[in-house]
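Here is the structure we will look at, set down as C-alpha cells.
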Amino acid sequence: MFMKNSLSLTGLFSFLSLLFLSACQKPEQTIGSDLLPADDELSAFQTDTITILCSVEKEDSVRMDELSSALLGSYSDPVFGRTKASLCTQIRLSSSSADFPENFEIDSVVLSLVYANHDYYGTLHPQYFSVYEMSEDLSVDSVYYSNRQPHHTGDNLILPGKEVYEIHPDEKVPVAGDTLIPQLRLQLSTETGQKLLAPSDPSVLNSDANFRTYFKGLYIDPIYWNAAIVNYNLADPGSKLTVYYRDLDNTEPDTTRYDFVITSDCARYSYMSHDYAG
C-alpha cells in the first residue's frame, strides 16, 4: 500500500515538472518578422565630429557700484572683440581738518591701486592709462551700472611720459626702503598735488563734505589694448592717492606725505565699453 502511493506521487511530480518546463520555453524570435520589409534593418553609425550652432545675447548692463573689487584694464578677444574697463572713484581726506604749510613744494603724486586676489582676464602686457578729474558729483547712495559713461574734465592728470605701466599682481613693490603689497602705482602731475593741498578756498580742507564738492573724484581710463582686465581692491588701505611734499620753511626740508583715502563711504564703480568691430 505504501509503495503504490509513493509511485503515484512520483509520477504526478514528474508530470507537473514537464508541464512547467514546457510553459517556460523562450518564444519564437521570428514572430511578426513577415510583417516587416526585408530591407528595414536596425542600423547605427558613429562620428568624432559635431557642429554646434549658437548665438550671443548681449546683456544691457550690470550693477557695478561699491563692489568688493573693481575692474580696470583692457582685453582683446579674437571672437568677441575688445573690452575696456574704466574706473571711477571718490577720494576723501584722511584727517578731519587737513593743515599744510604755506610754503611747500610738491615732490610727487602717486595713485596706488592694490591688486585683488591676483585675478585678471587676458594677458599681462604693459598698459596705457589716463587719469582725469570727475566733473560730476558721485554719491554712495546712488546706483551705478556698467554702461553709465562718466563725465570728466579733459586734462590728463598722468605725469607726462609716465602713461605706460607693467602689471605685476604677484610682485611686492619697494618704496623708500619699505616693501609694499602688490599694487599699481600711477604717477600723477605735480599740478594735481598743488590743487589738492593748496585750494584757493582754504575751507575746502576743513571737512570731507567740502572737499568732495571741490574735488569730485578720479576717472582712470585705459586705452583699448591687447592686455588684461585686472581686479583691484579699493577697500584695501593701500589703495589711495598720496601727495609727497616738502616744507620749504624748514632749514632742512624733509619730504613728508599726505594720503587721500578710498573708504566704504566713497562712491565708486567700473564703466565697461566694448568694440565689436571685426
Exercise for the section: For Glu136 paired with Asp155, estimate the spin-label separation in nm (one decimal), with each label point 7 Å from Cα along the Cα-to-Cβ line. Expected result: 2.2 nm
Completion exercise
Amide H neighbours of Phe104 at under 5 Å, excluding residues fewer than 5 places away on the same chain, with H built from the backbone geometry, are Leu248
Exercise for the section: Sort Leu157, Leu180, Leu218 from largest to smallest accessible area, using a 1.4 Å probe on the heavy atoms of the protein chains. Expected result: Leu180, Leu157, Leu218
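With r defined as the distance between the Cβ atoms of Ser55 and Asn206 and R0 fixed at 45 Å, what FRET efficiency is calculated, to the nearest 0.05? Present the calculation step by step, with values, prior to reporting the outcome.
Numbers: r = 57 Å, r/R0 = 1.27.
Result of the calculation: an efficiency of 0.20.
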Completion exercise
For the stretch 165-276, the percent of all C-alpha pairs falling in each 5 Å bin, from 0 up to the bin holding the max distance, is 2, 7, 16, 19, 20, 16, 11, 6, 2, 1, 0, 0
Fill in the blank from the handout: Each label sits 7 Å from Cα toward the beta-carbon; between Thr47 and Val261 the label points are separated, in nm, by 6.4 nm
Problem - Under 11 Å from the Ser68 label point (7 Å along Cα→beta-carbon), backbone N, the stretch 111-151 - result: 117
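The values are calculated or read from the model by the stated rules, or taken from the named source; none is laboratory data. Just so it is clear, the structure is predicted and the values come from calculations on it, not from any experiment. With ideal geometry, Cβ positions are generated from the backbone for all residues, glycine too; neighbour counts draw on all protein chains shown. In case anyone asks, the SASA skips ligands and DNA or RNA and just uses the protein heavy atoms, side chains included. Shrake-Rupley method; radii C 1.70, N 1.55, O 1.52, S 1.80 Å.
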